[in-house]
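Just below is one structure, and these are the notes that go with it.
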Amino acid sequence: MTRANTTVTLGMLGEDIIFDMFEKAQKTDDWYDSKKDGTIGKKTYEVKTFRLNNKYQGIFIDRTQFKKIDEVDIRFWVRVPEQTSEKVRIYEFFADKCYDFRMNGTSGRMYPIENMDYIGEYPDLDKAQE
């Protein structure tokens, strides 16, 4: 599986998890929607599905994603488990609680986990193993 395929698969899984966890969540019909991944009631949301960057204790988001991150009402981080026995964890992160960062030659932002609100665990271990 290529990196691009993995990224798309993880993104879809993350969006499905948020849809499952929030009763009023509605995914956008357009996978390539440049404004949002979906809505919960009248609020827009964006989902990012990543592993924790252990060295910096956060998630790195590159510049190409800033517009979506900055313009939605809710930002979810679906944290990919490190072990197959772990559950998927969900956090809400905030557009203004980050710092400029450069990773592997790419400019972006680091969103520290300490500045996020922990929402809970997704109970389905099958999705965690995917």
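Summary table below
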{"item": "Positions within the stretch 59-86 being in a loop (DSSP other than H, G, I, E, B) and either in contact with a Lys or Arg (Cβ under 8 Å, 6 or more places away or on another chain) or of a type in the set (D, E) (or both), in sequence order", "result": "V72, D73, V80, P81, E82, E86"}
{"item": "The stretch 64-78, residues that are basic (K, R) and modelled with pLDDT under 95", "result": "K67, K68"}
{"item": "Residue among F60, F66, F93 that is under 23 Å from T9 (Cα atoms) and open to solvent by less than 20 Å² (accessible area, probe 1.4 Å)", "result": "F93"}
{"item": "Lone qualifier among Y56, Y45, Y32 - being assigned to a strand (DSSP E or B) and either farther than 20 Å from A95 by Cβ or hydroxyl-bearing (S, T, Y) (or both)", "result": "Y45"}
{"item": "Among (1) in contact with a Pro (Cβ under 9 Å, 6 or more places away or on another chain); (2) buried (at least 17 other Cβ atoms within 10 Å of the Cβ), the one test that E46 misses", "result": "(1)"}
{"item": "Unmet criterion (only one of (1) under 17 Å from the mean Cα position of the chain (by Cα); (2) in a strand (DSSP E or B); (3) hydrophobic (A, V, I, L, M, F, W, C)) for F101", "result": "(1)"}
{"item": "Unique match (being closer than 23 Å to M103 by Cα, surrounded by fewer than 12 Cβ atoms within 10 Å (Cβ to Cβ) and more than 13 Å from the chain's Cα centre (by Cα)) among T84, T6", "result": "T6"}
{"item": "The stretch 87-98 - residue that is assigned to a strand (DSSP E or B) and among the hydrophobic types (A, V, I, L, M, F, W, C) and, of those, farthest from the chain's Cα centre (by Cα)", "result": "V88"}
{"item": "Scope the stretch 75-130; condition closer than 20 Å to G38 by Cβ and in contact with a Pro (Cβ under 7 Å, 6 or more places away or on another chain); matching residues", "result": "V88"}
{"item": "Selected residue [modelled with pLDDT under 95, surrounded by fewer than 18 Cβ atoms within 10 Å (Cβ to Cβ) and more than 15 Å from the chain's Cα centre (by Cα)] from D29, D20", "result": "D29"}
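The values are calculated or read from the model by the stated rules, or taken from the named source; none is laboratory data. Quick caveat, the model's predicted, so the values are computed rather than measured. Ideal geometry is used to build each Cβ from the backbone, glycine not excepted, and the neighbour counts take in all protein chains shown. Accessible surface is based on the protein model in full, side chains and every heavy atom, while ligands, DNA and RNA are left aside. Shrake-Rupley method; radii C 1.70, N 1.55, O 1.52, S 1.80 Å.
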